[in-house]
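Undergrad: After the structure tokens below, expect a handful of questions from me.
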Amino acid sequence: MTSKKLIIHIIKTSCAVNDLLALDLKPFGISLQQFNVLRILRGQQGVAANLSTVQERMVNKMSNTTRLIDKLIEKNYVERTVCEENRRKIELFITEEGLSLLKEIDPIVDRTEEKMVGHFSQGEKEMFISLLNQVNFN
């Protein structure tokens, strides 16, 4: 298999995965990138996150993180506060409403993910991850 063919398959697979997950999220009125932000903030377990923390952990680095967070604040899923010790620092937290939304969405996304890759053995999944981690971006 040529390198070009492999890259095309990776891109096509990525697009198909994104499309299926976006379909799961559509009824909830959030994008895949917004879902990613919510999961990052939930992973903080109540500890404040700042914009750079969220940006570092984003799956899609091309996202306009500030705009995504603003939309999540409008929907009451994220709260933004000013740090009391450093007034220039903005702190981000997931709200109870955001946590509740994730509880509703998680099983739906889990089913879709399982449909896509559940037929692979644990060893095959680990091999895929290992191989993809070896892709050189420099």
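The values are calculated or read from the model by the stated rules, or taken from the named source; none is laboratory data. Fair warning: this is a prediction, and the values are worked out from it, not measured in the lab. Because the Cβ atoms are built from the backbone with ideal geometry, glycine has one as well, and the counts that use them run over all protein chains shown.
Undergrad: Name, by its number, the condition in (1) under 26 Å from R111 (Cα atoms); (2) in contact with a helix residue (DSSP H, G or I) (Cβ under 9 Å, 6 or more places away or on another chain); (3) among the basic types (K, R) that does not hold for K26.
TA: (2)
Undergrad: When you check V117 against the structure, is it over 15 Å from L38 (Cα atoms) and surrounded by 11 or more Cβ atoms within 10 Å (Cβ to Cβ), yes or no?
TA: Taking the combined requirement at face value, the residue satisfies it.
Undergrad: If you don't mind, there's one more thing I want to ask. Taking the stated definitions as given, is S63 at pLDDT below 95 and loosely packed, with under 11 Cβ neighbours inside 10 Å?
TA: So S63 fails the test.
Undergrad: Further question: Can E124 be described as part of a helix (DSSP H, G or I) and either without any contact (Cβ under 8 Å) to a residue 12 or more places away in the chain or surrounded by 11 or more Cβ atoms within 10 Å (Cβ to Cβ) (or both)?
TA: yes
Undergrad: Does the stretch 76-134 hold any residues that are more than 22 Å from R42 (Cβ to Cβ) and among the charged types (D, E, K, R), and which are they?
TA: E84, E85, R87, R88, K115, E124, K125, E126
Undergrad: Do we find that I108 is touching an Asp or Glu at 6+ places or on another chain (Cβ under 9 Å) and in a helix (DSSP H, G or I) in this structure?
TA: yes
Undergrad: Considering only the stretch 1-22, how many residues are within 21 Å of T65 (Cα to Cα) and of a type in the set (A, V, I, L, M, F, W, C)?
TA: The number of residues fulfilling the criteria is 3.
Undergrad: For a quick check of your reading: which helices (runs of 4 or more DSSP H) sit entirely within the stretch 13-75 and have at least 3 residues that are touching a residue at least 40 places away in the same chain (Cβ under 8 Å)?
TA: Passing ranges, in order: 32-43.
Undergrad: Follow-up. Hey, can you tell me all the residues within the stretch 75-101 that are more than 18 Å from A48 (Cα to Cα) and in contact with a helix residue (DSSP H, G or I) (Cβ under 9 Å, 6 or more places away or on another chain)?
TA: Within the stretch 75-101, K75, L101 meet the criteria.
For (1) more than 16 Å from G98 (Cβ to Cβ); (2) crowded, with 16+ Cβ neighbours inside 10 Å, each residue gets a yes or a no:
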{"residue": "T13", "(1), (2)": "yes, no"}
{"residue": "N18", "(1), (2)": "yes, no"}
{"residue": "L21", "(1), (2)": "yes, yes"}
{"residue": "G29", "(1), (2)": "no, no"}
{"residue": "Q33", "(1), (2)": "no, yes"}
{"residue": "I40", "(1), (2)": "no, yes"}
{"residue": "V47", "(1), (2)": "no, no"}
{"residue": "V54", "(1), (2)": "no, yes"}
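Undergrad: Quick one: V135 ticks every box in (1) in a helix (DSSP H, G or I); (2) loosely packed, with under 12 Cβ neighbours inside 10 Å except a single one, so which number is it?
TA: Checking V135 against (1) in a helix (DSSP H, G or I); (2) loosely packed, with under 12 Cβ neighbours inside 10 Å, the one that fails is (1).
Undergrad: When you scan the stretch 92-100, do you find a residue that is surrounded by fewer than 16 Cβ atoms within 10 Å (Cβ to Cβ), more than 24 Å from F137 (Cβ to Cβ) and modelled with pLDDT under 90, even just one?
TA: No.
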